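A.B. asks: Dumping the structure here so I can ask a few things about it.
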Amino acid sequence: MRSFSSFIIKEALHILRDKRTMLILFGMPVVLMLIFGFAITNDVKNVRTVIVTSQMDLHTQAASERLAASEYFIITATVATPKAAERLIRNQQADMAVVFAKDHSLQFIVDGADPNMAQQWTNYATGVVANMQGAGITTKMLYNPRMKSAYNFVPAIMGMLLMLVCAMMTSISIVREKERGTMEVLLVSPVRPLLIIIAKAVPYLVIAFAILVTILLMARFVLDVPLQGSLVWIFLVSTIYILLALSLGLLISNIATSQLMALLISAMVLLMPIVMLSGMLFPIESMPKVLQWLSAIVPPRYYIEAMRKLMIMGVGIGEVVREVSILTGMTLFLLVVSLKKFKVRLE
C-alpha cells in the first residue's frame, strides 16, 4: 500500500510541476464557461426591427410599443410598404420587419441568412404580439423561462471537458512513460500493473471532480443557472462518466505510441464527435438517421441528457435510469477491454 501511495504522489507532483498541464486543466474550464456563457450565445437580443403599416391605429400602436418594450427587439424605423422594409433588410440596416395589415393580420419579413436565428426571431415576435392580435395565445416556458442559452451549454460543457481532460490527459500520461522507457521499470516494481494504472488515474480523478465543482460554482454564481436537482445524483452520475473517460484514456494509450499520436487520436475520436454528435450544439432529433445512429455510441450524449434532466429539470434519478444504465455499460466494457489490452501489450 505504501508503494501504491508513492505512485499516486509521484503522478500528482508531476502534474503540479507541469505549468502547461495545470493551465490546461484549470484554465480551460473557466475560459470555456465564460465563452459559452457570454460570448457564444443563441439568445435573442436587440433584433433591429422595422414596423410596416399604412396607418398607425391604436391596435398597431399598442403592438409596436409591446415589441419595443421587450428586451428582444429594437424598433429602428417605421415604413409604409413591405418593399421599403425589404430594402432596409437587404442594406443590413434591419434584421426583420413586422407588417401590420388592415385586417390586423401579421406578416414577418426576416433576414434568413442564419435560418436558426431567423426562426427564433419569428417565434419571439409572434409570442410578443400574439395577445395583441386577439388570438388569446399565451406561452409558458418550463425550466428556462428567460430562454438563456447557458441553460443548454453548461451540461454540454461539463460533458466535453470531463471527457477531454480525463481521456486525453490519462492517455498522454501513460504514453509519456512508454516514450521515456520508464513504463517497463514501473512494471517490474513490486506493485502490480493494475495498481500502477490506478495510481496514474487517481490524480486525474481528483482533478476531474475539482473541474466539476468549478463548473457547477460558475454555473450557479456567474451564469445564474439554477441547479434544480440533487447534487448527490449529479455527482453520482458524473462519477460513472469520469470513470468511463478514464477507461477510454487507457484504451487510447494502448493504441498510441507517442504523446503526439495520443493527442491526435483524442482530438479526432473525442472532440469532433462530442461537438457534432452529442447534442451539444445541434439537436440529435434533427440529424439524418445515419448520424443519429452514430450518436448512439457517443458517451457524452447520454451524460449531457442526464445532466440537463438533473440540473435544469430537477427530476429524480428514476428519470435518468436509461442514460445511467448505458453509461455504466459503456464504462464496464471500456474498462475490461482497456485493462486486457494493456496486459497483452506490456507483459
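The values are calculated or read from the model by the stated rules, or taken from the named source; none is laboratory data. Just so we're clear, the structure is a prediction, and the values are computed from it rather than from any experiment. All Cβ positions, even for glycine, are placed from backbone atoms using ideal geometry, and neighbour counts span all protein chains on display. These accessible areas exclude ligands, DNA and RNA; they are computed on the full protein's heavy atoms, side chains included. Shrake-Rupley method; radii C 1.70, N 1.55, O 1.52, S 1.80 Å.
A.B. asks: Hey, what's the stretch 221-342 come to in accessible area per residue, 1.4 Å probe, Å²? Can you show the working numbers first?
C.D. replies: Values: 5820 Å² over 122 residues.
Per-residue value: 48 Å².
A.B. asks: Convert each backbone phi in the stretch 122-128 into a coupling constant with the Karplus relation 6.51 cos²θ - 1.76 cosθ + 1.60 (shift: θ = phi - 60°), then list the ³J(HN,Hα) values in order as whole Hz, x for Gly and Pro.
C.D. replies: Going residue by residue, I get 5, 5, 5, 5, 4, x, 5 Hz, with x marking Gly and Pro.
A.B. asks: Give the peptides 282-289, 197-204, 71-78 in descending order of average Cβ contacts within 10 Å, highest first.
C.D. replies: 197-204, 71-78, 282-289
A.B. asks: Using only the C-alpha atoms of the stretch 234-347, find the volume of their convex hull and express it per residue in Å³.
C.D. replies: It is 112 Å³ per residue.
A.B. asks: With θ taken as phi - 60° and the coefficients 6.51, -1.76 and 1.60, list the Karplus ³J(HN,Hα) couplings across the stretch 265-281 in order, rounded to whole Hz; mark glycine and proline as x.
C.D. replies: 4, 4, 5, 6, 7, 10, 5, 5, x, 4, 5, 8, 10, 8, x, 5, 10
A.B. asks: Mind listing the long-range amide H neighbours of V47? Cut-off is under 5 Å, sequence gap 5 or more, other chains count too, H placed in the peptide plane at 1.01 Å from N.
C.D. replies: So V47 has HN proximity to F73, I74.
A.B. asks: From the backbone phi of the stretch 330-337, what are the Karplus-calculated ³J(HN,Hα) couplings (6.51 cos²θ - 1.76 cosθ + 1.60, θ = phi - 60°) in whole Hz, Gly and Pro given as x?
C.D. replies: Couplings: 4, 4, 4, 4, 5, 5, 5, 5 Hz.
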